[in-house]
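Notes follow the structure.
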Amino acid sequence: MEKLDLSALPIRHYRHPVWDTDRWRGFDPRPGDILVCTPYKAGTTWMQMICALLVFQRSEFHLPLAEISPWMELRAAPVEETHAIFAAQDHRRIIKSHTALDGLPWFPEATYICVARDPRDVFMSALNHLQIGNPDADAIFRREIRESQAEEEPLPEDPNEFFRMWLTTGIFPWESDGAPFWSVFRHGASFWAHRDQANIHLVHYSDLKADREGEMRRIAGTLEIEVAEEKWPELVRAASFESMKKNADRTAPDTNFKMWTDNSRFFNKGTSGQWQGVLSAESLALLDQVTAKYPPDYIDWLFNGSG
């Protein structure tokens, strides 16, 4: 992906039925802000939790995670309310975003953390995501999605048909994949192209799975946060999948909008490789065609992490 002039960001306006990057307008940044900038279903909530654990250095927070670290672009709340939440915070702020780098404002004194995950696992997790939405909470979004589509057809029920649509249909004019969401490939590539920037940091889901404590310590170093050695066991334990699922009413995203029929089901399995035995050889061949558009070193990292 071509390098961006970071001083000129943002260069694209992303407007989706669920989110809108115009909501960054008027936001007042502070030195030390942490922007968790992940594709969907790639470890967003996990990284928010890790950052909150490091910022507060305790395993229980004063508010649910969704209220400590709202999704800036989410259209469910008036933008003034979201800005006011961040303005009132006197601790180091953790700001959730699902936007590629070319749609974000550039704050030189902030830290941008992009988490990536094997796209096949992202897809499988997205299927679960669609099944657990609260119909009352997201009715407006579902209606707007239907109205924004050229043909009001239901989403494919067969996983391989859905996967083909996901790989061949874009929502935004500059994207050719990702529907009905947006492109995880472009998102990661936008940050990968600037991985040498001092305040852009890449984390991979597989690396977190393989060595949660090691990655948390690395992230603490990135954020220049010192943690007393005796606190690490508690913080690492609180960042486990089991702990976050057990406390889902306080850790799941968008709980303040009652977005899920069951908050604990948001934390489905947290495992990798669920696509095996589901995606066909034809689907995987099509995936190879999509990934061939990107630098090989980026694709290797996207699928495998640094391990």
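Observations, loosely collected:
- Conditions (1) of a type outside the set (Phe, Trp, Tyr); (2) assigned to a helix (DSSP H, G or I); (3) more than 17 Å from residue 306 (Cβ to Cβ); number of the one not met by residue 214: (3)
- Test for residue 82: is it assigned to a helix (DSSP H, G or I) and open to solvent by less than 20 Å² (accessible area, probe 1.4 Å): yes
- All positions within the range 98-117 that are charged (D, E, K, R) and either within 12 Å of residue 199 (Cβ to Cβ) or open to solvent by less than 10 Å² (accessible area, probe 1.4 Å) (or both): 102, 109
- A Cβ distance below 6 Å, combined with a sequence gap of six or more or placement on separate chains, defines the contacts here; from the range 49-76, residues that are at positive phi and modelled with pLDDT of 95 or more reach residues that are of a type in the set (D, E, K, R) and open to solvent by 30 Å² or more (accessible area, probe 1.4 Å) in the pairs 57/231.
- Some residue of the range 241-262 being buried (at least 18 other Cβ atoms within 10 Å of the Cβ), part of a helix (DSSP H, G or I), among the hydrophobic types (A, V, I, L, M, F, W, C) and modelled with pLDDT of 85 or more: yes
- Matching entry among 206, 190 (being modelled with pLDDT of 90 or more, of a type in the set (Ser, Thr, Tyr) and open to solvent by 10 Å² or more (accessible area, probe 1.4 Å)): 206
- Cβ pairs under 7 Å, 6+ apart, first in the range 288-307 and in contact (Cβ under 8 Å) with a residue 12 or more places away in the chain, second among the charged types (D, E, K, R): 290/177; 303/118; 305/207; 306/207; 307/207
- Residues in the range 2-38 that are at positive phi and in contact with a helix residue (DSSP H, G or I) (Cβ under 8 Å, 6 or more places away or on another chain): 26 only.
The values are calculated or read from the model by the stated rules, or taken from the named source; none is laboratory data. Note that the coordinates shown come from a computational prediction; the quantities given were computed from them, not determined experimentally. Because the Cβ atoms are built from the backbone with ideal geometry, glycine has one as well, and the counts that use them run over all protein chains shown. Please note that ligands, DNA and RNA were not included when accessible areas were found on the heavy atoms of the full protein model with its side chains. Shrake-Rupley method; radii C 1.70, N 1.55, O 1.52, S 1.80 Å.
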